[in-house]
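Just below is one structure, and these are the notes that go with it.
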Amino acid sequence: MNMDLRELYQEIIIDHNKNPRNHRPMEDAAAFAHGFNPLCGDKLTVYLKLDKDSIAEASFVGCGCAISQASASLMTEALKGKTIAAADTLFENFHTMLTAEDSAVSMPEKLAVLAGVKAYPARVKCATLAWHTLHAALHKDRNTVSTE
Ligand code: ZN
């Protein structure tokens, strides 16, 4: 494994892949959506419990590469207690961080570890899958979203 890849799989990513947080189905979810990244084979279902316009709880189940699972785990942690508007902003900033030329967006430190994925364009969709799935769940588009 070269230096860059070692950076990519930083400790936080390895930890979240091995011990994913909020990794469970939610029977009484107020919203959920399925996501699929055919390029890599990553699959996720994101569940949300809402309290008025805030996210009371977020969980996910899925399988796939370390990046996709760690990203979903980090996302569910970051979402707890956020308003839907704040979650939408976070989704946009996360997407910008990984796709835009100038990616100087403010990002919680833990989510910022995934910025390393930007150097590997094929893996960007692994990292953003959870967020696209979240977006679908929040905005009632319950069809399966695909990164392709
Ligand atoms: Zn993947």
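The values are calculated or read from the model by the stated rules, or taken from the named source; none is laboratory data. The shown structure was predicted, so the numbers you read here are calculated from the model rather than taken from an experiment. Here the Cβ positions follow ideal geometry from the backbone for every residue, glycine too, while neighbour counts run over all protein chains shown.
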Can you name every one of the helices (runs of 4 or more DSSP H) wholly within the range 1-119 that holds 1 or more residues which are farther than 24 Å from His139 by Cβ? 3-8, 11-18, 66-79, 109-112
Would you tally the residues in the range 45-66 being under 17 Å from Val145 (Cβ atoms) and either surrounded by fewer than 16 Cβ atoms within 10 Å (Cβ to Cβ) or hydrophobic (A, V, I, L, M, F, W, C) (or both)? 6
Could you go through the range 99-119 and let me know if any residue there is without any contact (Cβ under 8 Å) to a residue 40 or more places away in the chain, within 13 Å of the chain's Cα centre (by Cα) and within 16 Å of the ligand (Cβ to nearest atom). no
Scanning for something more than 16 Å from Val117 (Cβ to Cβ) and either touching a Gly at 6+ places or on another chain (Cβ under 8 Å) or touching a residue at least 60 places away in the same chain (Cβ under 8 Å) (or both), does the range 67-79 turn up at least one residue? no
Considering residues of the range 21-38 that are loosely packed, with under 14 Cβ neighbours inside 10 Å and either of a type in the set (Phe, Trp, Tyr) or modelled with pLDDT under 95 (or both) only, the residue nearest to Gly64 (Cα to Cα): Glu27
Taking Val124, is it within 21 Å of Cys63 (Cα to Cα), of a type in the set (Val, Ile, Thr) and either in contact (Cβ under 8 Å) with a residue 60 or more places away in the chain or touching a Pro at 6+ places or on another chain (Cβ under 6 Å) (or both)? no
Options Ser59, Ser68, Ser73: the member that is modelled with pLDDT of 95 or more and within 20 Å of Pro121 (Cα to Cα): Ser68
